[in-house]
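None of the figures in this text is laboratory data; all of them are computed from the coordinates on show. Keep in mind that what you see is a predicted model, and the values were worked out from it rather than measured. Note: ideal-geometry Cβ built from the backbone for every residue, glycine included; neighbour counts use all protein chains shown.
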Amino acid sequence: MVHEARYWEPAPDGKIRCTLCPRDCHIGEGQNGFCFIRQNRGGRLVSAGYGRTTGFAMDPVEKKPLAHFYPGSRVLSFGTAGCCLGCRFCQNWDISKARQDDRLSEDDWTPDRVVALARAHRADGLAFTYNDPIIWAEFAIDVARAAHAAGLFTVFVTSGYIGAEARADVFRHMDATNVDLKGFTEEFYAKATLSHLAPVLETLEWLARETKVWVEVTNLMIPGLNDAPDETRALSEWMVGHMGADVPLHFTAFHPDYKMMDRPRTPAATLTGARAIARAAGLRYVYTGNVHDPEGQTTYCPSCGAAVIERDWHFVRAVQLRRGACAACGTAIAGRFADGPVAPTRGIVMPLGIPSPRA
Ligand code: SF4
């Protein structure tokens, strides 16, 4: 199945200019863009990622990570191949750096078929994840439409490196997003991700100010590269000033991978220290991830300090919320919460096909 892409125009040099992300690829006949899966075929841009995936898994929403979006819910998660960034530390490089022939299913997955799979496995929602869904925006939009028609929520897990036109189209169909803010210096973005910081900040501010999408932010901390306390403070202060103090921030641990095998794992103390810096900067909900740290993974009422959602890793251990408010003092907790009680979970992770993605 060949699916013509959107977000392109003919370039004066006879190539195609892809406007989906700020990389602005000019793609010659028969060539692929940087992300591999957008291709010039006969002077038209096609999306080789449409309807083809690298596999499905049923994840807890806490694994996205989302801490304030229907805690304990089940999310059918899937991705395709390729990526619009070139992160040297990619924790999912086997699919993000795969050319479509390597890893994509031969099967055609229509939006209705994806939704039927979600319903068959009693999912509460769908997540577009594992590789950056920006590069398969057309498929994500069509699946999101079908998901909403079936009463399922939608989650977009992304770098935020997206052009303005596509951004408005995509997020109109998303209920929640987790955006990777990979560092807070242009030098880090340019050298370690082969992209730029400014477009990501623009997306984050736009999401927080201009949309109703529930937004959480993740910062993967790499020892010696983006974990300096001053950088963490600047990132946190920027979030408070440009997104608001209620946007949750997750500091997650790096493990050596892909082209960055020379760095050690992130010490838990780095994450704990970053969490303290971010809270001191004014962020109300700050978490640690990829480590066992029940205190750093619990949601506390910003008013009375009571533990309202206790977690350990992706497990929800106890919930003291009433209709989205602290059960102890009645203060509203920022986020989207079910009206009824939330039961503790076991942090289900259930691969449903090839392969079993790790993050
Ligand atoms: S989406 Fe892919 S082809 Fe388009 S500009 Fe970005 S990296 Fe290039």
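Along the Cα-to-Cβ line of Glu165, 7 Å from the Cα, sits a label point; which residues in segment 1-22 have backbone N less than 11 Å from it? Backbone N within reach: 6-10, 17-21. Expressed per residue, the C-alpha convex hull volume of segment 3-47 stands at 58 Å³.
Site pair Glu295 and Lys15 shows an inter-label distance of 5.3 nm when each label is modelled 7 Å from Cα along Cα→Cβ. Pairwise inverse Cα distances across segment 184-321, averaged and inverted, put the Kirkwood hydrodynamic radius at 15.8 Å. Length available on full extension from Val2 to Arg44: 0.36 nm per residue minus the Cα-Cα distance, which gives 14.0 nm. Of the chymotrypsin sites (Phe, Trp or Tyr not before Pro) found in segment 198-278, no site is in coil according to DSSP while having at most 11 other Cβ atoms within 10 Å of its Cβ. Of the peptides 127-134, 312-319, 326-333, the order by per-residue mean of other Cβ atoms within 10 Å, starting with the highest, comes out as 127-134, 312-319, 326-333. Computed from the alpha carbon atoms alone, the convex hull of segment 1-99 holds 125 Å³ per residue.
Sequentially through segment 298-308, phi angles give Karplus couplings (6.51, -1.76, 1.60; θ = phi - 60°) of 8, 8, 10, 4, x, 9, 9, x, 5, 6, 9 Hz, Gly and Pro residues having no value and appearing as x. For a test of the definition: using alpha carbon positions, the gyration tensor, and the 1.5 limit on a/c, classify segment 91-243 as rounded, prolate or oblate. Prolate is the answer for segment 91-243, as a/c is 1.5 or above and a/b outweighs b/c.
Using only Cα atoms, tell me the angle between helix 229-242 and the longest principal axis of the chain; keep it within 0 to 90° and round to the nearest 10. Approximately 80 degrees, to the nearest ten. In order along segment 142-153, phi translates into HN-Hα couplings of 5, 5, 4, 4, 5, 5, 5, 4, 9, x, 9, 8 Hz, rounded to whole numbers, per the Karplus curve 6.51 cos²θ - 1.76 cosθ + 1.60 with θ = phi - 60° and x for Gly and Pro. With an 8 Å Cα cut-off and a minimum separation of 6 or more residues, compute the relative contact order for the chain in percent. After rounding, I find 16 percent. Calculate I(q)/I(0) for segment 257-339 by the Debye formula, one identical point scatterer on each C-alpha and no solvent, and give its log10 at q = 0.12, 0.20, 0.21, 0.27 Å⁻¹ to two decimals. The calculated log intensity ratios at q = 0.12, 0.20, 0.21, 0.27 Å⁻¹ are -0.42, -0.94, -1.00, -1.33.
Overall size of the chain from C-alpha positions, given as principal axis extents largest first: 63, 45, 37 Å.
The amide H of Ile222, built 1.01 Å from its N in the peptide plane, has Asp227 as neighbours under 5 Å, considering only residues 5 or more places off or on other chains.
Placing a pseudo-label 7 Å from each Cα along the Cα-to-Cβ vector at Ser303 and Asp339 gives an inter-label distance of 2.1 nm.
A prolate overall shape is assigned to segment 233-293, the ratio a/c of its alpha-carbon gyration tensor axes (a ≥ b ≥ c) being 1.5 or greater and a/b exceeding b/c.
Each of the GluC sites (Glu not before Pro) that DSSP puts in a loop and that has at most 15 other Cβ atoms within 10 Å breaks the chain; the longest unbroken stretch is 107-359.
Between the alpha-carbon centres of segment 4-40 and segment 122-169 there is a gap of 21 Å.
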